[in-house]
Amino acid sequence: MAEQEVENAEPATRKRRKIGVPHIYIILFAFIALAALATYLVPGGVYERIDGPDGRTTIDPDSFTFIDAQPTTPVDFMLAIPRGMVSAAEVVIFTLMIGGLFGVLKATGLVEHAVAALSKRFARRGPVLIAVLMAVFSTVATLIGTQELALVYVPVILPLIIALKYDSIVAAGVALCATTAGFAAGVLNPINTGLGQKLAGVPLWSGLGLRAAIFGITVAVAIFFVIRYANKVKRDQTASYVHGNPAETEKRRVYIETAPGAVKHVMTVRQRIAAFVALAFFALLVFGVLKLGWFMLEMAGLFIVIGAVVGVIAGLRGEELAESFNDGFRAVLVGALIAGIARGVAVVLENGQILDTIVHGLGEAIGGLPPALAAVGMFIGQMLLNFIIPSGSGQALVTMPIMAPLSDLLDVTRQTAVLAYQLGDGYGNILFPTSGYFMATLAIAGVPWQKWVRFFFPLFLTWLGIALVALVFAQIIGWS
């Protein structure tokens, strides 16, 4: 009898196994599988492609026709990830090169000295530093529209953020939340606002006042949100969403040791020269992006040159320089792979000839909404499409030729339709795992996507509320 009681009690004393969130590889593979299944269920369709603004290819909104389905074959499914890697090659290469560069900069000792100096200066003013960085990053994004600069910002600020006793999520939040708030509002952003207005036949840069107000509100909310989390982590390290993560523990061991007083030696003459040359190269990088139209490939090439030149000047021997690059590559390899795997979803939909059908179907669904909800429906539709078309300009070229004339029928101004596209495209860029640059940025920061979602989702919901209020207001006043 006693033995039976013990046996019956045993299950109650066992620890319940925690049901964890699947690995990001599994999540993305599942999305690819669902996309492949959709090619068997959704009819094929296509819009005719025509020349659009600035020599870009866009669609003829009146040309949609159904075509024979192209279901994903077993071979197509097998090749989805490799083809995604090829399609996302720029993001993959960029991620590896920036990882290699910062591997070299760490090996030269420049990162340690910079962190020591800045952490001493901002030891008691961490929130001020966060606010200033986010204000600068968001302003750059809203003027030039390069969200991908978050990939550059994160490795630069990460050591300092850790040294100030915050965590990697704070570093990722500073870069990603700021650039996304600026990009989505698009005060003078040529990537989404400028292209969207051209496609919709709206005067270029018109409606600036409301976009500026949205920019100010969303950035202020993001700064408050990130600082609140940062302060919570600084008070109690166990409150960090990445607490206990081995990589996070190692970063704290390395970078907090470089806090004030930890660095015993002053910079050597060679290190000082190397630091000056590195800053000159980064000035060249900014000039190239702003004036020469450089993007990921050009920046990746420059990162190789910076690493090689700065490493040699700082005194690294050939073997040390090469291994430093290797260390950096290894640190971001998972992020580079994730960016390519994520692209596999869009590859399956495009090759299955159902991407245009999905766009056409959303347009038809929005067209059935009452005028009071039309702008909100456009916003939701654009956000759903952002999952499979994470490129801002790509989404504009596919959707705005449809949404602009549709807005005329729904008594929504074309200016409001452009705003619905901007906000719907922008906010999902740092939530959906199909966004390559976003996933690469998280990998550089060392933040698992699942942990990021836990951190970002409350801010995401707040931004959704702001977007809905702004769109309803624009609808009421007939914003144009």
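Dividing the convex hull volume of the alpha carbon atoms of region 207-332 by its residue count, what do you get in Å³ per residue?
Once divided by residue count, the hull of region 207-332 is 189 Å³.
Counting only residues 5 or more places away or on other chains, whose amide H sits under 5 Å from the amide H of I59 once H atoms are built in the peptide plane?
I50
With θ set to phi - 60°, apply the Karplus curve 6.51 cos²θ - 1.76 cosθ + 1.60 along region 99-106 and write out the HN-Hα couplings as whole Hz, x wherever there is a Gly or Pro.
These are the phi-based 3J(HN,Hα) values: x, x, 4, 6, x, 5, 4, 5 Hz.
How many lysine pairs does region 182-320 hold where the Cα atoms are under 24 Å apart and the two sit 8 or more places apart or on different chains? The partial results should precede the final answer.
Working: K198/K291; K232/K251; K234/K251; K251/K264.
Taking the Cα cut-off of 24 Å, the pair count is 4.
For every other residue with a beta carbon closer than 11 angstrom to the beta carbon of N245, add +1 if it is Lys or Arg and -1 if Asp or Glu, then tell me the sum.
On the way: positive: K251, R252, K451; negative: D167, E248, E250.
Once positives and negatives cancel, what remains is 0.
Tell me what the chain gives for mean residue ellipticity at 222 nm when only DSSP H runs of n ≥ 4 count, each as -39,500 (n - 2.57), the sum divided by the residue total, rounded to 500 deg cm²/dmol.
It lands at -24500 deg cm²/dmol.
With the contact rule set at Cα under 8 Å and sequence spacing of 6 or more, what percent relative contact order holds for the chain?
27
Place a +1 charge on the Cβ of each Lys and Arg in the chain and a -1 charge on the Cβ of each Asp and Glu, then give the dipole magnitude about the Cα centre in debye, rounded to the nearest 20.
2220
Give me a comma-separated list of calculated 3J(HN,Hα) values for region 459-476, in order, Karplus coefficients 6.51, -1.76, 1.60 applied at θ = phi - 60°, integers in Hz, x for any Gly or Pro.
5, 4, 5, 5, 4, 4, x, 4, 4, 5, 4, 5, 6, 5, 4, 4, 5, 5
Amide H of G44: which non-local residues (sequence gap of 5 or more, or other chain) have their own amide H closer than 5 Å, using H built in the peptide plane?
I67, A69, Q70
Regarding region 262-345, what whole-number volume in Å³ per residue does the convex hull of its Cα atoms give?
Here the figure is 140 Å³ per residue.
Using the Karplus curve 6.51 cos²θ - 1.76 cosθ + 1.60 with θ = phi - 60°, work out ³J(HN,Hα) for each residue of region 350-362 in order, rounded to whole Hz, and write x for Gly and Pro.
5, 5, x, 6, 10, 5, 5, 5, 5, 4, 4, x, 5
On alpha-carbon atoms, Rg over Rh for the chain using Kirkwood Rh?
Working: Rg = 24.3 Å, Rh = 23.9 Å.
A ratio of 1.01.
Within 15 Å, Cβ to Cβ, of I430, how many net charges do the neighbouring residues add up to if Lys/Arg are +1 and Asp/Glu are -1?
Summing Lys/Arg as +1 and Asp/Glu as -1 gives 0.
Just report the Cα centroid separation between region 35-79 and region 85-134, whole Å.
40
Quick note: the coordinates plus some simple rules give every number you see, no bench work behind them. All of these numbers come straight from a predicted model, not from anything done at the bench. Don't worry about glycine lacking a Cβ; one is built from the backbone with ideal geometry, like all the others, and counts go over all protein chains shown.
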